[in-house]
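*Asks:* Please find one structure pasted underneath; my questions will follow.
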Amino acid sequence: MFARCLWGARFFSQPAATGAAQSLASPPAVAKYSFFVSRNSNGNLPVYSDIRNGGTRLLVSIRNVDGNASDLAKELSTSLFKAGSPEARRLKVKTNHQHVVIQGGRWTQEVNEWLKAKGF
């Protein structure tokens, strides 16, 4: 008659979660880097695209970078695309305090996937 709630409520006849179930609820460990990209209030990564100069200049920006933004820029430029590929040749990464700007293409999705793979 009574359905179990989806958010984790339990009846007294059900045992409490132990071991593996509790470890799933804990946040994943983030690798140690000299930079950190925090998520925005909606839980998304702060990666934004911008089009300037009448559609001829495509930019991707990463905002709210804590720590060393130049290390993030170096890591992005070396490991976002395979070395020698046309995308890697067009890629230009610059920093501005807590802001990283990537020039050369519409790579918002690739940057999001790269950050998620790094654990952010």
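*Asks:* Hey, if we sort Arg52, Arg89 by accessible area with the 1.4 Å probe, largest down, what's the order? Intermediate results must be reported in sequence, preceding the final value.
*Replies:* Working: Arg52 115, Arg89 165 Å².
Heavy-atom accessible area, descending, gives Arg89, Arg52.
*Asks:* While we're looking at this one, here's another question. Rounded to the nearest 0.05, what FRET efficiency do Arg89 and Asp50 give with R0 = 25 Å and r taken as the Cβ-Cβ distance? Could you check? Intermediate results must be reported in sequence, preceding the final value.
*Replies:* On the way: r = 21 Å, r/R0 = 0.85.
The formula returns an efficiency of 0.70 here.
*Asks:* What's the FRET efficiency of Lys32 with Gln109 using the Cβ-Cβ distance as r and R₀ = 30 Å, to the nearest 0.05? Let's see the in-between values first.
*Replies:* On the way: r = 26 Å, r/R0 = 0.87.
Efficiency for this residue pair is about 0.70.
*Asks:* Calculate the tail of P(r) for segment 32-120: the fraction of all Cα-Cα distances greater than 18 Å, expressed in %.
*Replies:* Working: 1532 of 3916 pairs.
Tail of P(r) above 18 Å: 39 percent of Cα pairs.
The values are calculated or read from the model by the stated rules, or taken from the named source; none is laboratory data. Note that the structure is predicted; figures quoted are calculated from it, not measured. Positions of Cβ are backbone-derived with ideal geometry, glycine not excepted, and every protein chain shown enters the neighbour counts. Ligands, DNA and RNA are stripped out before the accessible areas are found, and what is left, the full protein with its side chains, is counted by its heavy atoms. Shrake-Rupley method; radii C 1.70, N 1.55, O 1.52, S 1.80 Å.
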